[in-house]
Amino acid sequence: MSGYVGVAIFAGLILAFGVVSLGAAALLRPFRPNAAKLGNYECGTEPIGSAWVQFPVGFYLVALMFIVFDTLAVFLIPWALVLRSLGPGGFWAMALFVGIIGLGWAYAYREGILEWK
């Protein structure tokens, strides 16, 4: 239990730093509202229409595929570094994992998610 005291102290210091920093910024910042600062900003142009725009579902599907491949990279690189110490069981466990990820990729390819329209 005593090993967690340092972690608790460090977490408390992090929390205190965040609260004190935000509080000091709120007290010390200049407050000069005007119409230009309170308006929407879109890359230097005047905004047209509502801010609630429906994006094509392709953006979200590409993001999900990125998460799948990112997950593969996050687990594959450390596994490659310790492969010799894991033995054959570690190899086959990762082969199963890559196979499952491959099934997800094959499904996405078959559904046309990877084709940019």
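The values are calculated or read from the model by the stated rules, or taken from the named source; none is laboratory data. Since the model is a prediction, treat every value here as computed from it, not as a measurement. Virtual Cβ from ideal backbone geometry, glycine too; neighbours counted across all protein chains shown.
With respect to Val98, is the statement that it is surrounded by 10 or more Cβ atoms within 10 Å (Cβ to Cβ) and in contact with a helix residue (DSSP H, G or I) (Cβ under 6 Å, 6 or more places away or on another chain) true? Can you show your working first?
Details: surrounded by 10 or more Cβ atoms within 10 Å (Cβ to Cβ): yes; in contact with a helix residue (DSSP H, G or I) (Cβ under 6 Å, 6 or more places away or on another chain): no.
No: the conditions fail for Val98.
Quick check on Leu72: is it at pLDDT below 90 and not hydroxyl-bearing (Ser, Thr, Tyr)? Give the steps one after another, and end with the answer.
Working: at pLDDT below 90: yes; not hydroxyl-bearing (Ser, Thr, Tyr): yes.
Criteria met by Leu72.
Could you tell me which residue of the stretch 48-83 is nearest to Ile101 (Cα to Cα), considering only residues that are hydrophobic (A, V, I, L, M, F, W, C) and in a loop (DSSP other than H, G, I, E, B)? Explain how you work it out, then say what you get.
Applying the first criterion (hydrophobic (A, V, I, L, M, F, W, C)) to the stretch 48-83 yields 48, 51-53, 55, 57, 59, 61-69, 72-77, 79-83.
Still in the list and also in a loop (DSSP other than H, G, I, E, B): 48, 51-53, 55, 82.
Details: Ile48: 41, Ala51: 36, Trp52: 34, Val53: 32, Phe55: 27, Val82: 21 Å.
If we take residues in the stretch 48-83 being hydrophobic (A, V, I, L, M, F, W, C) and in a loop (DSSP other than H, G, I, E, B), then Val82 is nearest to Ile101 (Cα to Cα).
So for the stretch 37-48 (the condition being more than 27 Å from the chain's Cα centre (by Cα), over 30 Å from Gly112 (Cβ atoms) and of a type in the set (Asp, Glu)), does at least one residue qualify? So that I can check it myself, show each step before the final result.
Residues of the stretch 37-48 more than 27 Å from the chain's Cα centre (by Cα): 37-39, 44-48.
Those left that are additionally over 30 Å from Gly112 (Cβ atoms): 37-39, 44-48.
Next cut, of a type in the set (Asp, Glu) only: 46.
So far as the stretch 37-48 goes, yes, one or more of its residues are more than 27 Å from the chain's Cα centre (by Cα), over 30 Å from Gly112 (Cβ atoms) and of a type in the set (Asp, Glu).
Is the stretch 38-61 home to any residue that is in contact with a helix residue (DSSP H, G or I) (Cβ under 9 Å, 6 or more places away or on another chain) and either touching a residue at least 40 places away in the same chain (Cβ under 8 Å) or surrounded by 10 or more Cβ atoms within 10 Å (Cβ to Cβ) (or both)?
First pass over the stretch 38-61, keeping only residues in contact with a helix residue (DSSP H, G or I) (Cβ under 9 Å, 6 or more places away or on another chain): 61.
Still in the list and also either touching a residue at least 40 places away in the same chain (Cβ under 8 Å) or surrounded by 10 or more Cβ atoms within 10 Å (Cβ to Cβ) (or both): 61.
Yes, the stretch 38-61 contains a residue that is in contact with a helix residue (DSSP H, G or I) (Cβ under 9 Å, 6 or more places away or on another chain) and either touching a residue at least 40 places away in the same chain (Cβ under 8 Å) or surrounded by 10 or more Cβ atoms within 10 Å (Cβ to Cβ) (or both).
Answer yes if at least one residue in the stretch 84-105 is part of a helix (DSSP H, G or I), without any contact (Cβ under 8 Å) to a residue 24 or more places away in the chain and on the phi > 0 side of the Ramachandran plot, and no otherwise.
Yes, the stretch 84-105 contains at least one residue that is part of a helix (DSSP H, G or I), without any contact (Cβ under 8 Å) to a residue 24 or more places away in the chain and on the phi > 0 side of the Ramachandran plot.
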